[in-house]
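Q: Submitted below is the structure of interest, expressed as structure tokens.
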Amino acid sequence: MRAELLRYLKEQVPRIFCLKKESSPQEEEEIMQSRLLYPLECFLFGEDPQEGLEKLKQGSTSSQLCGRVFKEGETVYSCRDCAIDPTCVLCMDCFQDSVHKSHRYKMHASSGGGFCDCGDVEAWKIGPYCSKHDPGAATAMVTVSYIMERKEGRGRDLLYHSLYERAEKLFRILLRYVTDFLVWEENFELSPELQPQTKDNAYYCVLYNDEHHSYDHVIYTLQRSVNCDQAEAQTHTGRRAVKRATLRSCQQAKDLIMHISLQPLRVEILHSSVMAHQTFALRLGSWFQKIIGYSAGFRQAFCQVALEPNPDSDRPCLISRLMLHDARMYKGARKIVHELIFCSMLMETEFKRLFAIEFTKHYKQLQKDFINDDHEKSISITALSVQIFTVPTLARHLIEEGNVIKVIVDTVMELLREHLDDSNRFFFLGYNSDKFSRIQVIFHDLRYILISKPSLWTDELRKQFLEGFKVFLSLLKCMQGMEEVKRQFGQHIAVEPEWEAGFSLQIQLRHILAMFQDWCSSDDDILLLAFRECHKVLMQCNNQPFLREAVDYYMCKHILHVRPYKVSQDPVSIHLPISRLLAGMRDHLYEEMRTSTAAGVKKKKKKLCLPCLFQENYDYIQMAELPLRCVVLAAQVSAEMWRRNGLSLVSQVYYYQDVKCRDEMYDKDILMLQVCVNQDELIQWNRLTEEMLYLLIVIVGERYVPGISHVTKEDVTMREVIHLLCIEPMAHSSLVKGLPENESHETGLETVITKVATFKKPGVSGHGLYEVKKERLEEFNPFFYHYSRSQHSKAEESQKKRRTQEGNDKALRPPLPPAFCTHFASIVRLLCCDIIIHILRRVLQRAAEERTTHWTEAMIQRALHLIGQALLEEKTQLEDSTVEEVTFDFSLKALIGSEHGKSVFLLLSKIKAVPSLEAQKDMIKWVLQVSYNSAIVKCLREKSCPTASMSVETKPEESAQDKEKAERKRKAEAAKLHRQKIMAQMSAMQKNFIESNKMLYDNMPESGTQAIGPHRGSTPAEREVLTCILCQEEQEVVAQAPAMVLTACVQRSTVLTQCRGKIPKTYPLLMPPELAVGTHTGSCGHVMHATCWQKYFEAVQNTTRNRLHAELIFDLENGEYLCPLCKSLCNTVVPLIPLEQLTFNYENAELIGQHLTMPRWIQVLSARIKGLKSVTQDNGKSGLKCFFFFFFFFLCRRKFSESISEMLVVCATTVHRVGLQTVPNELCPRVPLMAWNTCAFTIQAIENILQEEDKPLFGSLQNRQVRCYRLIHQVPFSCKLLSSLFSVLLPIMSRKTTPSLLEVDFFHLLVGLVLSIPSLYQEEAVDLQPSAVSSAYNHLHILHLVTMAHMLQVLLISTGTKSENNWAIWSLLLVLFDRLLCGLLIRLIPDVPGSSVAERVKRGIEPFLRCAALFFSCLTGVHPPEELFNTAGVYPRRRNRLIDLPEDYSVLLNQASHFQCPKSTDDERKHPTLCLFCGAMLCSQSSCCLSQVDGEDVGACTAHAATCGAGVGMFLRIRECEIVLRASKTRGSTYPAPYLDDYGETDPHLVRGNPLHLCPERYRKLNQLWQQHCILEEIARSLEVVNVMFAFEWQML
């Protein structure tokens, strides 16, 4: 059968693949299916595949394991409550249908190479199944033993016997075929079984992509070597044949490709038949996945074939061959193999065990191949270790059978052996960082093995674990004392030594060390043996020996036998992993004894028992020596004694005490000192006195370690949180960063945070903060040993400030610590030993003698804290009724020297008056008070009186202090009552005045509130004096004065568009009603002199041209700059023009109104436009009369200074250039039109904002909004454009190109007509403007005319009528105008009730009227009526908002997980990005979706923003959970997403992984940012703050 099948493949495969004439992928797939795969399936099923598959499905059940293989970037979920370890994850679909959705969960992006653990009962404490994979047989969890009961006969239960046999035979042949060709190394020849009869001279030059060369480099190489264009070169991904030709031609192409770059690409030449069979072998890999997914029997048959040994040779099994050749495969082949393993062996428990054994057998070789590989971990076969080693039963089985711990550690040691020096310690000088980082990945496997400690130990497990532990100790032995440093004298060190590698190892081993301790503590025998082995290895370390002989010192009547070692002169290392491991295991021994004693456990007699440990003699001085040196080194570095050793040592000491390393470095050193202090007493002394006193405080006071005192891990976490919050209120993420993580990446914060802190929810910006509860502040320790120097200063300042605000003294008292456990109880004796009291006395004595060069305030502060600790300890023991005799006699020893005035308490009384210790005065008083109270307690206990020397005068001082506080409180209350009384009197007087002068208020004249028509109000006189923000000089805004200008920004906008995504290529003369794209002008409101602005702009141009990436912030060539005050982005200025005072003549208005009716006004207007002669000829005397009335009330045209006129031109040309995206041209006839359009569009945008925020039309506007468009009406206009505008409304002026009423936005038309009407009065000889009365009637008639046209537009749009004849529209308009008040409007729509028509018209014209009110109020300066200050109308036009987002962020992640790029067929990671304007899902930062805009390649988001937002965009990057703001092709910035976790914080890139929910307030702020046209401003400010070193290619987004 094998020979026949191979013969068939030999004939067919070369005829389908790698032909001279390439076929399309679809055609090739169809031919392969019909000629190759279909016959194979027919043989497999023994009948038609479809019929056989139907029969198979009837007798098989679906798998209870999900097994979905994750792609890179896919969102996965982990339950923090139920997962056995953090590697247990669910896919999106299983998570949504599981019980874990209501638990505490985390979400993050997968790095690829894993699969869903749904259905794996070993991965979850509860809820292992989702509703889709739940077997439903029982509610209880299925046990592992049930899953393991799989026999060979089970496949026969699911399949017919013959079907199973055929599957096994076929799989054996095909899998061997696939394996042979995936590991095939002969490029020109095939095996004899597949060798063709005639060999063609057809070869392929094949290019392999790697991780060393960039995408652009590969494209460039291909374009030069094989002469392909860029589009074709972009298709060559993975392994790709770039040329098909003869062997010689392919060799030439290969040589050319390899010689283009210094680091050549991988290129091979393959014969076409070899290429064809390799291609088909890959297709068979995908076919295997499909087939074994049909049935568990097929899957078991495949696993059996893949794992069976080769009987004919010493070759490993087929799957092992594939694993061993993994590093030499290209990326696509690797993925096929990995996915095949996932869906086969990892889905079957028994075969998973067999595969794990094979994987462990070849583990060392696989890791070596990975080290030399160029691909990432996720593409390597070694990534499968997480699927094997994290299964608890498998991990223990591999320890017992293959000693996997030893295998892993031996692999690391072999790879790091080249870094060992002569003393067998690591020395990483000149190491390869890339290789070293890959070696560190191996430590993850060791962590996976140890992630779940056993509950039941077997003898074999003990034996193998101890053997692995010994090998691990050999690794630590190479780290013990590595990278020694010696203090530099004379001159600074020349070259900074390497230190990052050592600390990288320490960080990798941090959790592993804790896991080894947990494993050892779970069994008494293991714990004892491991402790002894660890101590044995520590004693074998001969580095850092004592260099001097022991000497005797005499101090305080004691003889001290000391072996001197000067850290400041001798070598010292900060790396002591064995010492610290020993300290941790010693603590576990104490904890085990304490819990056993507390529980009253009586264990059976064993060969090894815990009490035996304490009968053994250990050299505790030797054990404490190395940690003490390390602590002293940190103290000396803090005292700046090692400055000449450079920053490397400073960095090492920083990480030594940092949260990332301190739990296995600094904390363990302190623990070892406490262990050894319990056996012997220690000492040290000088400018290091501060650090020495601090060390004593830590040794005595830091008892929050389980086993040292009676505390739990929860108590330890609470204390950490309290001290972090005593620095300042913190966000949840800041607290998490400040807490150490365990092996499961948990800090325990959630279980304690509510007990120690209160949460303050965030506002529109910022994040939620936790504040420590007041009752917990008494636990604050100013010398908390996890504080850095800066944290200590901040915490001390914060707590003193708090106590001052509360009216308390500033004494920061030491907290009352928990009692030591029995084995550590003697540590407190350190406080009352003679030498310590002597040191304290000497410190206080120097301060009392005011020898300022011999003491520091920090020294006194630490001494006071130590004395306070001792007094509290003594008081606690005195008050303890269970203690018969108190041996702690600090007070008694502190009184020594009273007769000479040198007792501790008398010295404290003296230094209280030292001026330089004023800040410590309250602390001294507290210490004296505590000493007095302790003396009283001791007196009561002994029934005697305190000695005379103890009767310090503290009580009188305290009473005087209390009286002073009470007096201050009484005065403050009296002042408060006095203020309340005065305010009440003022309020009463105000009410009496209003009541007495009520007639005065009622009879006040009301000013006119009409802005147009004969009853128009007058323009009041307003004097405005402003200050220039540059020169700080004041100037009144006057028309003839030098110009004062506002900074302004002109931009294109689609905020109001009704047809998003349809931006016209040409800007129409008249704005269409869809408002597809408008021109918005905004201002920050800051004022400058025009001359000051010009100087500032020139200075900006000169100073920023050489600035790095200045073009990303603003475009100098297009006139952009930043506001000097608020740094808002601007690109023009708007001159300030005052409103001219105007008194309206109502008598003349009535006279003109009698003659200038609407028909007459239209007639005169038409004649005036056509010319003065035609008016005279056509109308005779009546026309002259009308013309007389038109010009009778003319005034001379208002004149502006040259400076203001110049600034008007600057503003108008900028609007023209930005709006039309053209070059500046102030002579273009569209300049005034664009100025009117930006005025109209800006007013519409402001009205839209007011409506959106539910604010009244007037009273809510800021001055900068009003000023911004008040002046634009001064831009000159031409009569020709006026004729074009009126042609829309007047039939006598219409042309062929005149748009219909349905194609015009009437507010833009209104603004254009009103502001252009003065052009009718301009003559060559006379430059006039209409009088106030004429303007009032002009505005009134224009408003009536435009309003009627807009009403007709509303009706036509409502009925769906389309007008093709402007004359018919004009006739209808006249009917509407003449009969509107006669009730005939309803005849236009006979089928609709009149009330409905009226309501429709009212709603339709309301936005227009609101905008008109804003416009005329600004134009005339007439005060609007009160009604417009209180009401907000109903908006009929579709209001643009950002799209609706789901409340739960996981919904968006679900959408992103199903996102398929429409232009790509591969499964590479994509960046699904959501447009918040229209809701389109885009593929950003991907070469597949590149397009061209203005002849330049841009990404999908940039191209979309050009059509959706006129270049402005707001996108949500879903997998990164961040907003991207876009302003142009080259500018953009990130912005926090509106999704917050339960702690009020955003989570960029889903680093923390907490559940996220939509914050409506923040999303509303984003909406305002868009509607108020502040996106450009936000981008500029963001880029100004961030110092960009390497520019991000925003155009490729």
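Q: Suppose each label sits 7 Å from its Cα in the direction of the beta carbon; what would the ARG1564-ASP134 distance come out to in nanometres?
A: 4.0 nm
Q: In whole Hz and in residue order, list the ³J(HN,Hα) couplings for the range 792-802 that follow from phi through the Karplus curve 6.51 cos²θ - 1.76 cosθ + 1.60, θ = phi - 60°; x for Gly and Pro.
A: 4, 5, 5, 5, 4, 5, 5, 6, 5, 5, 4
Q: Any idea how far apart ARG1230 and HIS259 come out in nm if each label point goes 7 Å out from Cα toward Cβ?
A: For the pair ARG1230/HIS259, the computed spacing is 5.5 nm.
Q: Under 5 Å between amide H atoms, partner at least 5 residues away or on a different chain: which partners does SER1484 have, H built in plane at 1.01 Å?
A: Amide H to amide H, under 5 Å and 5 or more residues apart or across chains, SER1484 pairs with HIS1471, THR1473.
Q: Can you give the FRET efficiency for GLU879 and ASN742, using 1/(1 + (r/R0)^6), R0 = 22 Å, r = Cβ-Cβ distance, to the nearest 0.05?
A: Working: r = 37 Å, r/R0 = 1.70.
The value I calculate is 0.05.
Q: Measure of size requested: the Rg and Dmax of the range 829-868, with Cα atoms as the atom set and Å as the unit; please supply both.
A: Every Cα atom of the range 829-868 included, Rg and Dmax give 10.2, 31 Å.
Q: Tell me, what ³J(HN,Hα) does each residue in the range 5-16 have, in order and in whole Hz, if you take phi through Karplus 6.51 cos²θ - 1.76 cosθ + 1.60 with θ = phi - 60° and put x for Gly and Pro?
A: 5, 5, 5, 5, 5, 4, 7, 8, 4, x, 7, 9
Q: Just to verify a number: what accessible area does ILE896 come out at with the full protein assembly present, 1.4 Å probe, Å² rounded to tens?
A: Accessible area of ILE896: about 100 Å².
Q: Something else now. Could you list which residues have their amide H under 5 Å from that of TYR105, counting only those 5 or more apart in sequence or on another chain, with H placed in the peptide plane?
A: Those lying under 5 Å, H to H, from TYR105 are ARG80.
Q: Taking N as the number of residues in the range 342-395, what value does Rg over Cα atoms divided by 2.2 N^0.38 Å take?
A: Values: Rg = 11.6 Å, N = 54, 2.2 N^0.38 = 10.0 Å.
Rounded to two decimals, the normalised Rg is 1.15.
Q: Counting only protein heavy atoms and a 1.4 Å probe, tell me what percentage of the range 716-779's accessible area is made up of carbon and sulfur. Mind showing how you got there, number by number?
A: Numbers: 1480 of 2900 Å².
Carbon plus sulfur share of accessible area: 51 percent.
Q: With a point put 7 Å past each Cα toward its Cβ, work out how far LYS361 is from PHE188 in nm, to one decimal.
A: So the two model labels end up 3.6 nm from each other.
Q: Run the numbers for ARG970 and ASN201: contour at 0.36 nm per residue of separation, minus the present Cα-Cα distance, in nm. Intermediate values should be presented prior to the final figure.
A: Working: separation 769, 0.36 × 769 = 276.84 nm, distance 10.82 nm.
Value of the extension gain: 266.0 nm.
Q: On to the next question. For the range 334-424, give the percent of accessible area contributed by carbon and sulfur heavy atoms, probe 1.4 Å, rounded to a whole number.
A: 47 percent
Q: Let me check the size of the range 256-304 from its C-alpha atoms; what are the radius of gyration and Dmax in Å?
A: Cα-based Rg and Dmax for the range 256-304 come out at 18.3, 52 Å.
Q: Here is a follow-up. Among THR689, THR1213, what's the order by accessible area (1.4 angstrom probe), most exposed first?
A: Working: THR689 0, THR1213 20 Å².
From most exposed to least exposed: THR1213, THR689.
Q: When the Cα centres of the range 1528-1569 and the range 392-454 are compared, how far apart do they sit, in Å?
A: Taking the Cα centre of the range 392-454 as reference, the centre of the range 1528-1569 is 40 Å away.
Q: Next up: Would you mind computing Rg(Cα) / (2.2 N^0.38 Å) for the range 342-488, counting N as its residues?
A: 1.15
Q: Report the extension gain between THR246 and GLU484 in nm, rounded to one decimal, defined as 0.36 nm multiplied by the number of residues separating them, less their alpha carbon distance. Let's see the in-between values first.
A: Values: separation 238, 0.36 × 238 = 85.68 nm, distance 6.21 nm.
Using 0.36 nm per residue and subtracting the Cα-Cα distance, I get 79.5 nm.
Q: Greater than 22 Å separation of Cα atoms is the criterion. Which listed pairs, LYS71/LYS377; LYS660/LYS713; LYS773/LYS801; LYS668/LYS800, meet it? Don't skip to the end; give the middle numbers.
A: Values: LYS71/LYS377 13 Å; LYS660/LYS713 18 Å; LYS773/LYS801 16 Å; LYS668/LYS800 31 Å.
Checking Cα-Cα distances, LYS668/LYS800 exceed 22 Å.
Q: What list of ³J(HN,Hα) values in whole Hz, one per residue of the range 487-492 in order, does the Karplus curve 6.51 cos²θ - 1.76 cosθ + 1.60 (θ = phi - 60°) give from phi, with Gly and Pro shown as x?
A: Working through the residues one at a time gives 4, 8, 10, x, 9, 5 Hz.
Q: Quick one: if you take sqrt(5λ) for each eigenvalue of the C-alpha gyration tensor of the range 799-855, what semi-axes come out, biggest first, whole angstrom? All intermediate terms of the calculation are to be shown ahead of the outcome.
A: Working: eigenvalues 151, 127, 8 Å².
Working through the eigenvalues yields semi-axes of 27, 25, 6 Å.
Q: Using 0.36 nm per residue, how much length does the chain from GLU460 to HIS1458 gain when fully extended, once their Cα-Cα distance is taken away?
A: On the way: separation 998, 0.36 × 998 = 359.28 nm, distance 4.81 nm.
Once the chain is fully extended between GLU460 and HIS1458, it gains 354.5 nm.
The values are calculated or read from the model by the stated rules, or taken from the named source; none is laboratory data. If you're wondering where the values come from, they're calculated on a predicted model, not measured in any experiment. Backbone-built Cβ (ideal geometry, glycine too); neighbour counts: all protein chains shown. Just the protein is used for accessible areas: all its heavy atoms, side chains included, with ligands, DNA and RNA removed. Shrake-Rupley method; radii C 1.70, N 1.55, O 1.52, S 1.80 Å.
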